[in-house]
Amino acid sequence: MMMYYLNQLGRIRMADFTLEMKEILDINSHEEILLFIQSKYSLSLKQDHFPRFNLYNFVEYYINEFSVENKETDFLLNFLEMLFNFTQNAGASTKEFLKYWDEEASSYTIQASENIDAVQIMTIHKAKGLEFPIVFIPMMNKNRDAEFSNWFETSNDTPLKSVNINQFNKNLEVYDEEIEKFNKQNSYKNFVDRLCLQYVATTRPVEQLFFYIQKANKTSNNLELLEFLQSKNTENLDEFDLYEVNPELLKKYSKEKTSSFKTKDIRVLKNISENTTSIKIATPSKNYQVRNEKVRLGVFVHELLSQINTAKDISKVVECYILEGQITIEESQTIQLELEKILETHAEFFDEGWEVINEKDIMITENGESRVYRPDRILKSAEGYMIVDFKTGEESVKNERQIENYKNILESLGKKVLKTQLIYL
């Protein structure tokens, strides 16, 4: 199999593949096969006089040996970078890497350089805060407002206080006001989130914006944006310009580039002059690895906190993540202890008396310009509001300014802010 692919790639040349493979298989000794392949195809399958420090060196040797000029070099370099990051973990064996590859790494993609003049495909969330000369937005005529999962409070005199369920069947709404309220509240939250997401998408372009929207069927339309566009499409055309355009306006005007660097292609991985016996490897210190692990844990805890209102929610949320396969039972124990510690230290922000608003967008328009803000946690009571923001890393003035900005925004909306709090994870 290996010889076949190397022949297809052009790394070796086998005029008659079947005949030459038979010639190789007729050799009885393993050592003689290696010598034969090396002499005939200039392919070394044995690491002679090469230091076998770790998995990375082992794989890098064969990539250098098998690589072909101008063949998937970008992918190989990104693979090596991913492999190097993996080998920084303790116990990075071949077996563990193959497991990591099957479960996660095989789905990784490479990021194109921003210096390349090409189309970039990304999610709306990833595009937040960025801008582009031209933006294309394809949209199916459907929404997921009714697709949600949330906690539904049951009767207080039963052992089961609440259950995490999806939307109730709409036919049940006429029989129970609580079911109707549950459906409408959660659908409305999804509706608002969807509008905020559309706002982010439509404010990314600097020069031109193109919509590709699926037409509505005869019975229903699920996109409010389509209703607006149809009101402007008086001739019922499949394609039309919302605003007047001309060739001069559609010209691309690129700003003068001030960067002095140039992007160059890496055409080959092999370095013939490299002295393989004098390789030195620098690995991150233990302090760096510990610090990096703390940051990773902090990011994950941050995500869980967005779903926790009180201490009673910790076990339920962690258990959901275990059932979904996002964390192991061993990891859940560490994470649960960390969450309990945070809630115990900052108990006043997780009291049952608060109405909790977790990670919801606030859209503010000033002087014709709209901006979206997203505090981590807003607590509402009869007396007023509290704002809580969770941060990873070191304390900074930037974070202080951000939460102060959230306070000013709420006060500009006529809300009384009792307190703001930064919690570093």
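A few remarks follow.
- Breaking point among (1) modelled with pLDDT under 85; (2) within 22 Å of the chain's Cα centre (by Cα); (3) open to solvent by 100 Å² or more (accessible area, probe 1.4 Å), for D117: (2)
- Cβ pairs under 7 Å, 6+ apart, first in segment 70-98 and under 16 Å from F58 (Cα atoms), second among the β-branched types (V, I, T) and at pLDDT below 85: L76/I63; L77/I266; L80/I63; L83/V59; Q88/T283
- Positions within segment 213-257 being hydroxyl-bearing (S, T, Y) and modelled with pLDDT of 75 or more, in sequence order: T219, S220, S231, T234, Y243
- All of (1) open to solvent by less than 80 Å² (accessible area, probe 1.4 Å); (2) within 30 Å of Y199 (Cβ to Cβ) hold for E366 with one exception: (1).
- Near pairs, Cβ below 8 angstrom, 6+ apart or cross-chain, from segment 319-346 (free of Cβ contacts under 8 Å to residues at least 40 places away in the same chain) to any residue that is surrounded by fewer than 13 Cβ atoms within 10 Å (Cβ to Cβ): I322/T328; I322/I329
- Residue, nearest to the chain's Cα centre (by Cα), within segment 336-356, restricted to residues that are among the aliphatic types (A, V, I, L, M) and surrounded by 16 or more Cβ atoms within 10 Å (Cβ to Cβ): L339
- Among the candidates I378, I335, the residue that is under 30 Å from T203 (Cα atoms) and outside any loop (DSSP other than H, G, I, E, B) is uniquely I378.
- For first residues located in segment 12-35 and closer than 15 Å to K46 by Cβ, partners that are assigned to a helix (DSSP H, G or I) and small (G, A, S) and lie 6+ apart or on another chain with Cβ distances below 9 Å do not occur.
- Segment 126-137, subset outside any loop (DSSP other than H, G, I, E, B) and touching a residue at least 40 places away in the same chain (Cβ under 8 Å), residue nearest to the chain's Cα centre (by Cα): A127
- Of the residues making up segment 74-96, those that are modelled with pLDDT of 85 or more and of a type in the set (F, W, Y) are F79, F84, F86.
The values are calculated or read from the model by the stated rules, or taken from the named source; none is laboratory data. All values derive from a computational prediction rather than experimental measurement. Here the Cβ is made from the backbone with ideal geometry for all residues, glycine too, and neighbour counts use every protein chain on show. These area figures cover heavy atoms from the full protein model, side chains too; ligands, DNA and RNA do not enter into them. Shrake-Rupley method; radii C 1.70, N 1.55, O 1.52, S 1.80 Å.
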